[in-house]
1. Given H placed 1.01 Å from N in the peptide plane, which residues other than close sequence neighbours of residue 107 have an amide H under 5 Å from its amide H?
2. If you roll a 1.4 Å probe over the heavy atoms of the protein chains, what accessible area per residue do you get for region 46-94, in Å²?
3. Name the most mobile residue of 176, 31, 238, meaning the one with the largest mean-square fluctuation, in a Gaussian network model of the chain with Cα contacts below 10 Å.
4. Please give the contour-minus-distance gain from residue 211 to residue 125: 0.36 nm per residue of separation, less the Cα-Cα distance, rounded to one decimal in nm.
5. Pairs to check: 262/318; 148/262; 33/96; 77/262; 96/285; 106/264. Give those whose C-alpha atoms are more than 26 Å from each other in this structure.
6. Go ahead and set up a Gaussian network model of the chain, Cα springs under 10 Å, then flag whichever of 193, 301, 185 fluctuates most.
7. Taking a probe of 1.4 Å, how large is the accessible area per residue of region 211-319, in Å²?
8. Once fully extended, how much extra length lies between residue 104 and residue 306, figured as 0.36 nm per residue of separation less the alpha-carbon to alpha-carbon distance?
Amino acid sequence: MKATKKTAVKKTAMKFEHTSVLLHEAVDSLAIKPGGVYVDGTAGGGGHTAAILQQLGESGTLVAVDRDPDALSILGKRFAANQNVIIINNNFSHIKNILSDIGISKADGILLDIGVSSHQLDTAERGFSYHFDAPLDMRMAQQGTSAKEIVNSYGEQELAAVIFRYGEEKYARSIAKNIVKARSEKPIETTFELVDIIKASMPESAKRGAHPARKTFQALRIEVNAELDALEQALDSALDCLNTGGVISVITFHSLEDRLVKTKMKEWAQGCTCPKDFPVCVCGKTPRARVRKAVAPTQREVEENNRSRSARLRSAVKL
């Protein structure tokens, strides 16, 4: 069965529609101090940004970062009259340089809302969604290598590895094989062309339940935007950018992101690593952070916003 075309969302009348997930929980986790310095590393449409500002007071500073030009346009208009907000067009993985460039040495809190935004998914021509027929793109920054280039240039084994590693897709080899076969006849240019190839690569039983293209599209999006690399780089730097007692909070939406954040925070919380039979510590390592219990969305939030169902909020306090 071929994919059924849906009406595109017009970019000409652009609104950055996005429902911020775990909004109150994330902002509360930062324990915002009036007059403090905070970073919204994935500002998007400014939902978390606005909520942080409500608690920040007139003397505080909020650095709003996003790599998507659409987001920057909306943020600039939404917070034009607010002198507390510094808007930066960059990748949150560069957080140390971002803060250094604007003369900030340390922050009191950093929030990262990882993954694709509702605006990116719902704007058909961005090519993130398997629900709309559009050019294969998926670039958050709207520059660099697109999903179309990856699908039409990666070797079969490389494609299979990406789809399996980042999508945890059981049928990755079959999908990669059929992608290479299809592109030998003509380039794969649209989302629905790819959806049809994915569907043809699976048994009927695998097409029930969740959309059969979900995992492959996730994998390609992560590869296009180097999402896990960016997250790891950001985590490595973010703790260093915090004042003592400062908080880093991260919202993730799938197991790969969550596993990375959980592992990194566990490392921060670990103290001495000497063998247990050592009479005294010789490594000198002490915990760098205190990790809080993960928070999931409430049943009410999931009912109101189905995209929140897999979200997890993890936070840590710098010691």
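The values are calculated or read from the model by the stated rules, or taken from the named source; none is laboratory data. None of these values were measured; they are calculated from a predicted model. Counting neighbours? That spans all protein chains shown, and the Cβs are built from the backbone with ideal geometry, glycine included. Each accessible area value is taken on the protein alone, full model and side chains, heavy atoms only, with ligands, DNA and RNA left out. Shrake-Rupley method; radii C 1.70, N 1.55, O 1.52, S 1.80 Å.
1. Amide H neighbours of residue 107, under 5 Å, 5+ apart: 242, 243.
2. Solvent-accessible surface per residue comes out at 43 Å².
3. Top of the fluctuation ranking is 31.
4. Stretched out fully, the residue 211 to residue 125 stretch lengthens by 29.0 nm.
5. Distance filter (> 26 Å) returns 148/262; 77/262.
6. 185
7. Result: 52 Å² per residue.
8. Extending this stretch completely gives an extra 69.0 nm.
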